[in-house]
1. For chain C, with only Lys/Arg (+1) and Asp/Glu (-1) charged at the beta-carbon, what is the dipole magnitude about the Cα centre, in debye rounded to 20?
2. Which of B:I117, A:I59, B:I12 comes first, and how do the rest follow, when ranked by fewest Cβ neighbours within 10 Å?
3. Contact order normalised by length for chain A, with contacts defined as Cα pairs under 8 Å and 6 or more residues apart; what percent is it?
4. What pairs in A:K13/C:K18; A:K105/C:K230; A:K32/B:K76; A:K14/C:K113 have C-alpha atoms more than 18 Å from each other?
5. Arrange the following residues from fewest to most other Cβ atoms within 10 Å of their Cβ: A:V86, C:V203, C:V162.
6. Only four residue types carry charge here, +1 at the Cβ of Lys and Arg and -1 at the Cβ of Asp and Glu. Report the dipole size of the protein assembly as shown about the Cα centre in Debye, rounded to the nearest 20.
7. If packing is taken as the average number of other Cβ atoms within 10 Å across a peptide's residues, how do C:21-29, C:181-189 rank, most packed first?
8. Explain nothing, just compute: Karplus ³J(HN,Hα) = 6.51 cos²θ - 1.76 cosθ + 1.60, θ = phi - 60°, for every residue of the range C:162-175 in order, whole Hz, x for Gly and Pro.
Amino acid sequence: MARAAHPQAMQPKKPGTTRTAPPKMPDGFPGKGRYRTYVAFETTGLIYLLMGFIILRAIWQLGAGEAGWNGVMDAYRNPIMIGFHVLALVGVIFVGVRFFWLFPKAQPPRIGPVRPPPAAILKGMLYSVWIGTTLVMTWVLAGGAF
Amino acid sequence: MKQLLIVLEPVIWFMFGQGIMIGTILLTGWLIVVGVGVPMGIFPADALAYERMHMLGSNVIGRVVLLGLIVLPLWKGAHHLRSLAVDFGGGDRDAIVGSLLYLIAIVGSLLGIVAVIRL
Amino acid sequence: MSDVQIKKFVVTRFDPDKDEVPRTDTFEVPCQSDWMVLDALNFIKDQLDGSLSYRWSCRMAVCGSCGMNVDGAPTLTCKSPLSSYGDTVEVTPLSNFPVIRDLVVELDGFMEKLKAVKPWIIRAKEKAVEEGPYRQSPEELEDFKQFSLCINCMLCYAACPVVGNEPDFIGPAAIALGYRYNLDSRDEGASERNAIFRGEGSVYSCSFANECSEVCPENVDPAAAINQAKLSGLVDWAASLVLPRGGKD
């Protein structure tokens, strides 16, 4: 059973004289079918917000000195923190896959005289940048360079 | 408050868009190494030793990347949580919920700028 | 003569003069194998209960009148074969709309939103008739043709989670039909429309669920129009900050 929508949803500014039954939200929203995927996509907002602050704290401690940074690294070895980071990684990959699937259609047919490349090529470019940046960051951060 | 949000909506959406695209691209490598790889012993712990991380983070490119890693996920997070709040709580409180979330993102962003300057 | 199968139809009923809230009626319909959902509703109306109210007209997915929820999904009933449904079919009015009677929903709210986005060609100065027509190349037509195929069936509004929560949101079809003119080489009203797209109920309310495009029977892809309008609105907004007269000619 769909839940009630906002009582004013799709109401004209001047309501008609006939009494109407109030609008309902779409069937299956928010827990079923494609809506579930969409809600999961939005829920990753919590992961991103937390990651922003977790990285902020890490960089703040990096600026504070060696003891502060080592404290961050100790905290990251906590199994709960590792579990969260694994979840965050899954969430980030999910966001990337869904967003890069939707991204081409959000491009206008032309920007000035230039037409964006076809969707398949655009997606390929996005994935190349994503995978390439990830490989470079992994290589640099994991000690492969410098 | 609602009117201010309406005026700022294009900028908020721009920050959200960068968060979802560049934020995702940057976070993946960070999570693989700093979040999971080194803590689980897949990569050597020395890789994230203080001197090395400070050297990597304190040059111009490092500072820009770290700032992106802090600021962009905050905006993606704030905007998507605002949408989630509308989906579950309706749109009537959107202005107050949205403003609070963006305030959190603004404060975090400003602290992020300070954090990378301190390096 | 095609095969006949009895299907049970659970149909929402609402009489504003009698019913406090919508209820359901169940009908058993001998369905022919080549019937669409609309054919079964027409059978109910003709043979079982003449008081059943619903909209329909062309029977060929052009007029956009017969949109309803079938088994919960926004559906153009003249285009949906009954063979793809089970023995029991639930038909309800489109979600997110007030219900006038049975399966008929209130469309005036949409008409107001559509009018608000100025879905017509805006010219700073009209050409005189003797100057000839406004010419347009096939490539220029291709830029917006997809968005002009909307038949106003309202399935996109019924599928959109934002429409149900934010009454001011302009919504998918109206944005697609407005943005279509922004892409039209003959039009000069893009800045005017972008200001509307950025205003109350703005395109930025859209959270890109993409459901509008999933249910669109004409592959208009309103989600594409909305998200392109966001970018266009951003560029226009930035131009209004740095260029005199808001970047207008």
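Throughout, read-outs are computed from the coordinates displayed, never taken from laboratory work. Quantities reported herein were computed from a predicted structural model and do not represent experimental measurements. Methodologically, a virtual Cβ is constructed for each residue, glycine included, from the backbone with ideal geometry; neighbour enumeration extends over all protein chains shown.
1. Numbers: 25 positive and 38 negative charges, 125 e Å.
That gives chain C a dipole magnitude of about 600 debye.
2. B:I117, B:I12, A:I59
3. Taking the mean separation of contacting Cα pairs over the length of chain A, I get 14 percent.
4. Listed pairs above 18 Å: A:K13/C:K18; A:K32/B:K76.
5. Working: A:V86 14, C:V203 29, C:V162 25.
Ascending number of Cβ neighbours within 10 Å: A:V86, C:V162, C:V203.
6. Magnitude of the dipole: close to 1100 debye.
7. Working: C:21-29: 14.0, C:181-189: 19.6.
Peptide ranking by packing, descending: C:181-189, C:21-29.
8. 6, 4, x, 9, 10, x, 7, 4, 4, x, x, 5, 5, 5
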